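The structure appears right after this line, and notes come after that.
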Amino acid sequence: MFTFTCPVCSLPLLPEGGSLRCSRGHCYDIARGGWVNLLISKQSGSKRHGDDALMVRARSEFLGRGWYSPLLECIREMVIRRACGSVNILDAGCGEGWYLAGLLQGLADAGIDAHALGIDISRDAVRAAARRCPEAAFAVAGVNALPVADSSCGLILSLFAPVCLPEFSRALCPGGLLLRVHPLERHLYALKEAVYDRPIENPPERFEPEGFRLADSAEVRFDMPLDSNDDIRALFAMTPYYYKTSAADQAKLEDIERLTVQAEFGVCLYERKK
């Protein structure tokens, strides 16, 4: 059974009434929205626990309009090429659940049985994910202490999220897959040009995880002809730039009604060595 494990003793957590409980008696209440908080405060590493409600809402609105659909399609195709029969999926940094929901639909359409868990350090994100993707189970938790059993995952998703290789290696079964998405150098550069006097490109990605081999990769590039200020501002608000940008620079977006922005992603699928 693919289920969360107790963050205190690592034993399986099973439903009991309105809670999840392990055999040693550690108990975690299930929130009204169906998610559970498994984050021990010392695991978070910071006082600000992930994306706040504004960023989650902006991302939900923008992704919900389908602007990143080419990326989702690439993720689906890459996983379907390697998946067979059934697969246990952990979305490690699930955000509001848009990618996981889309992937599960694609796997179902391909006749692949998938069981999914999602974690994020942000309560706001987990709450939104549980609403969007009721077929998965969600918990507030961090990637540095994954609440899953050893070798229980066939696929871990790490989409624009922090990586903890020791934990990913522990949680993946031999031959299990790690799918990682990262922005390429010119990702959203036109948006940066609209805001900053001296926009800079993203640094090149160098990720060569020990104990894994690269099984598949792709670069996904497409233009987004944003034709409303709401979409432009939502895209900016869902990025880390929002909290690092002065009010004066943010104000530059207020009167822009049309902006074509190029999205550029690297998608890499790694196989854990047996």
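Things to note:
- Count - residues of region 147-162 that are open to solvent by 10 Å² or more (accessible area, probe 1.4 Å) and either on the phi > 0 side of the Ramachandran plot or touching a strand residue (DSSP E or B) at 6+ places or on another chain (Cβ under 7 Å) (or both): 7
- Unmet criterion (only one of (1) open to solvent by 40 Å² or more (accessible area, probe 1.4 Å); (2) in contact with a Leu (Cβ under 8 Å, 6 or more places away or on another chain); (3) under 17 Å from TRP67 (Cβ atoms)) for GLU257: (2)
- Residues that are within 18 Å of PRO162 (Cα to Cα), open to solvent by less than 30 Å² (accessible area, probe 1.4 Å) and not in a strand (DSSP E or B) within region 196-246 comprise ASN202, PRO209, MET238, THR239, listed in sequence order.
- Each residue in region 122-137 was checked for being assigned to a loop (DSSP other than H, G, I, E, B), over 23 Å from MET78 (Cα atoms) and either among the basic types (Lys, Arg) or open to solvent by 40 Å² or more (accessible area, probe 1.4 Å) (or both), and 1 of them qualify.
- Test: VAL87 is open to solvent by less than 30 Å² (accessible area, probe 1.4 Å), part of a loop (DSSP other than H, G, I, E, B) and aliphatic (A, V, I, L, M): no
- Any hit, region 176-185, residues being touching a residue at least 40 places away in the same chain (Cβ under 8 Å), open to solvent by 10 Å² or more (accessible area, probe 1.4 Å) and more than 26 Å from PRO70 (Cα to Cα): no
The values are calculated or read from the model by the stated rules, or taken from the named source; none is laboratory data. Small disclaimer: the values here were computed from a predicted structure and weren't measured. Backbone-built Cβ (ideal geometry, glycine too); neighbour counts: all protein chains shown. In case anyone asks, the SASA skips ligands and DNA or RNA and just uses the protein heavy atoms, side chains included. Shrake-Rupley method; radii C 1.70, N 1.55, O 1.52, S 1.80 Å.
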